[in-house]
Amino acid sequence: MATGKKSKPTYFNAILGVALVLFLLGVLGWLVINGRALSRAFKEDLEVNVDFHDNISDENVKKVQSILDKQSFVRSTKIITKEEAVRMENQVEGGNMVDFLGYNPLFTSISLKLHEEYVNKDSLAKFRKFIMQSNVVRDVTWPNVVVDQMTSNFRKIGIILGSISVLLLIVVIFLIDNTVRLAMFSNRFIIKTMQMVGATRSFITRPFDLRAFLNGLISGVLAVIGLWVVMSFAKAQLPVLGLLNDPVLVTVLMTGMIVVGIFISMISTHRSVIKYLKMHVDDLY
């Protein structure tokens, strides 16, 4: 009975320790998911402008829009007339361009947004070449500097977060393994005693494996609850995070946290039991 009482707080400490480590892994995973969603949101919000010659008719503009709408790389299109363009410019500049110049220097255009994978220097260049084949198109423009910096910065962020994730996963495996093995240390005499009275290896390992499964499950659930609390608090402070979150990826992340907790706990526990079964009694002290 004394040994049983002693092992309970050890299990509690092991469960809590594993849960904290899984929680840290989950927070980093959530940051990676948000970073990916943020990258997609920025790229898909970038506007590409197709400017037309002055003499183009409304019918031809709509024909070009219809062609663009059918392209797989286009998310959305919007026609901006010369009048709308100068009105938007006046709002930005705070003056009246037509009164100042005596004429409207802007062009009718189509503002379009592309799917994320096409918002890069090479794809945009190919898109411009494709559109410029039309003799009614005057030019195709987009913020080049923004695209270049966006691609470079998001690539660097992805590499950094990916490296940290791999490193943390290795640390998580190491910490969970040591936490579980430390918890099993207090049960070494129980394991050896069962072996000495004739219990088979499978009979001895089964209850510990089941306990490890339960401990891993509890740790994973606690970590998921902690992550959910952090996510809810973050969304309350920054509502935009709710729009960026991908429910499928978040579900996969939380499920993965539980699976990792169960898997490593069971592997570490089983290894520890086998280790103590192979040890001589004198080596247990």
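Computed from the coordinates by the stated procedures, all read-outs in this text should not be read as laboratory data. The model shown is predicted, which means the values in this text are computed figures rather than measured ones. A quick note on method: Cβ atoms are made from the backbone with ideal geometry, for glycine too, and the neighbour counts reach across all protein chains shown.
Annotations
- Percent RCO, i.e. relative contact order, over the chain, from Cα pairs under 8 Å lying at least 6 residues apart: 31
- Filter on Lys63/Lys126; Lys62/Lys156; Lys62/Lys235; Lys82/Lys156; Lys82/Lys235; Lys113/Lys235 - keep pairs with C-alpha separation over 30 Å: Lys62/Lys156; Lys62/Lys235; Lys82/Lys156; Lys82/Lys235
- Applied to the range 210-218, the Karplus parametrisation 6.51 cos²θ - 1.76 cosθ + 1.60 on θ = phi - 60° returns per-residue 3J(HN,Hα) values of 5, 5, 5, 4, 5, 4, x, 5, 4 Hz, with x for Gly and Pro.
- HN-Hα J in Hz across the range 30-42 - Karplus 6.51, -1.76, 1.60, θ = phi - 60°, x for Gly and Pro: 5, 5, 5, 4, 5, x, 5, 5, 5, 4, 5, 5, 5
- Residues His53 and Trp228, FRET efficiency given R0 of 51 Å [Cβ-Cβ distance, rounded to 0.05]: 0.35
- Relative to the Cα centre, the charge distribution of the chain, modelled as +1 at Lys and Arg Cβ and -1 at Asp and Glu Cβ, gives a dipole magnitude of about 2040 debye.
- Label-to-label distance, nm, for residues given as Lys82 and Asn178 (7 Å Cα→Cβ offset): 7.4
- Extension gain for the segment Lys121 to Leu20, taken as residue separation times 0.36 nm less the Cα-Cα distance, is 32.1 nm to one decimal.
- Note: relative contact order over the range 47-142, using C-alpha pairs below 8 Å and six or more positions apart, is 46 percent.
- Relative frequency of Cα-Cα separations exceeding 18 Å in the range 47-142, percent: 47
- Calculated volume of the Cα convex hull per residue in Å³ (choose from [x] 154; [y] 168; [z] 134), label: [y]
- Only one residue of Gly158, Ile225, Asn13 has its Cα farthest out toward the positive end of the dipole of the chain, where Lys and Arg carry +1 and Asp and Glu -1 on Cβ, and that residue is Asn13.
- Estimated [θ] at 222 nm from DSSP helical runs (n ≥ 4, -39500 (n - 2.57)) normalised by residues in the chain, nearest 500: -25500 deg cm²/dmol
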